[in-house]
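Report on the following structure.
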Amino acid sequence: MILTRSKNLADKYDDLILIESEHLMDQLKQVTKSVKTKSPFSRCPVCNTETEAVEKETIENEIPSYVFETHKDFKRCPECGRVFWKGTHYKEIQKVINEINS
Ligand SMILES: [Zn+2]
């Protein structure tokens, strides 16, 4: 899906979203209303592959020990191998999502 603020580009193609506002929060609201998606945390932010739940014990040597001790749910990207958990970055993103949906 192409997202653009270019009216010229929007006039040439059908399968895109013409972003109307210059303000980020309004842009995010427009996109989330236009596109049905799974959880925003279902894909790898690096390579866009769907992540998969992984057993905590199998990734102990791949994450900081503090994270291992303080979190229980982890996901792995099957493409690039990165491991994800609901840390502070997750909470900041969730705040933005709540604001968009309010
Ligand atoms: Zn990945």
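The values are calculated or read from the model by the stated rules, or taken from the named source; none is laboratory data. No experiment lies behind these values; they were computed from the predicted model shown. All Cβ positions, even for glycine, are placed from backbone atoms using ideal geometry, and neighbour counts span all protein chains on display. Just the protein is used for accessible areas: all its heavy atoms, side chains included, with ligands, DNA and RNA removed. Shrake-Rupley method; radii C 1.70, N 1.55, O 1.52, S 1.80 Å.
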### Query
How many residues are among the β-branched types (Val, Ile, Thr) and in contact with a helix residue (DSSP H, G or I) (Cβ under 7 Å, 6 or more places away or on another chain) if we restrict to the range 14-55?
3
### Query
Limited to the range 53-102, what total is found for residues that are under 30 Å from residue 30 (Cβ atoms), charged (D, E, K, R) and within 16 Å of the ligand (Cβ to nearest atom)?
3
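Conditions (1) surrounded by fewer than 10 Cβ atoms within 10 Å (Cβ to Cβ); (2) closer than 28 Å to residue 102 by Cα, marked per residue:
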{"site": "4", "(1), (2)": "no, yes"}
{"site": "26", "(1), (2)": "no, yes"}
{"site": "50", "(1), (2)": "no, yes"}
{"site": "53", "(1), (2)": "yes, no"}
{"site": "58", "(1), (2)": "no, no"}
{"site": "72", "(1), (2)": "yes, no"}
#### Entry: Pairs where the first residue, in the range 63-81, is among the charged types (D, E, K, R) and the second is within 14 Å of the ligand (Cβ to nearest atom) and part of a loop (DSSP other than H, G, I, E, B), C-beta under 6 Å, 6+ apart
75/51; 79/47; 79/49
### Message
Of all residues being open to solvent by 80 Å² or more (accessible area, probe 1.4 Å) and either in a loop (DSSP other than H, G, I, E, B) or touching a residue at least 40 places away in the same chain (Cβ under 8 Å) (or both) in the range 28-37, which is nearest to residue 80 (Cα to Cα)? Just the residue, please.
### Response
37
### Query
Is it true that some residue in the range 85-96 is assigned to a loop (DSSP other than H, G, I, E, B), among the polar types (S, T, N, Q), under 15 Å from the mean Cα position of the chain (by Cα) and surrounded by 11 or more Cβ atoms within 10 Å (Cβ to Cβ)?
no
### Task
For residue 17, indicate whether it is more than 19 Å from residue 93 (Cβ to Cβ), in contact with a strand residue (DSSP E or B) (Cβ under 8 Å, 6 or more places away or on another chain) and surrounded by 14 or more Cβ atoms within 10 Å (Cβ to Cβ).
yes
### Task
Sort out which residues of the range 38-47 are in a loop (DSSP other than H, G, I, E, B) and surrounded by 10 or more Cβ atoms within 10 Å (Cβ to Cβ), and write them in order of number.
40, 41, 42, 44, 45, 46, 47
### Query
Out of curiosity, is residue 49 under 15 Å from the mean Cα position of the chain (by Cα), of a type in the set (S, T, N, Q) and within 16 Å of the ligand (Cβ to nearest atom)?
yes
### Query
Taking the range 37-53 only, how many residues are out of contact with any strand residue (DSSP E or B) (no Cβ under 7 Å at 6 or more places or on another chain) and under 10 Å from residue 75 (Cα atoms)?
2
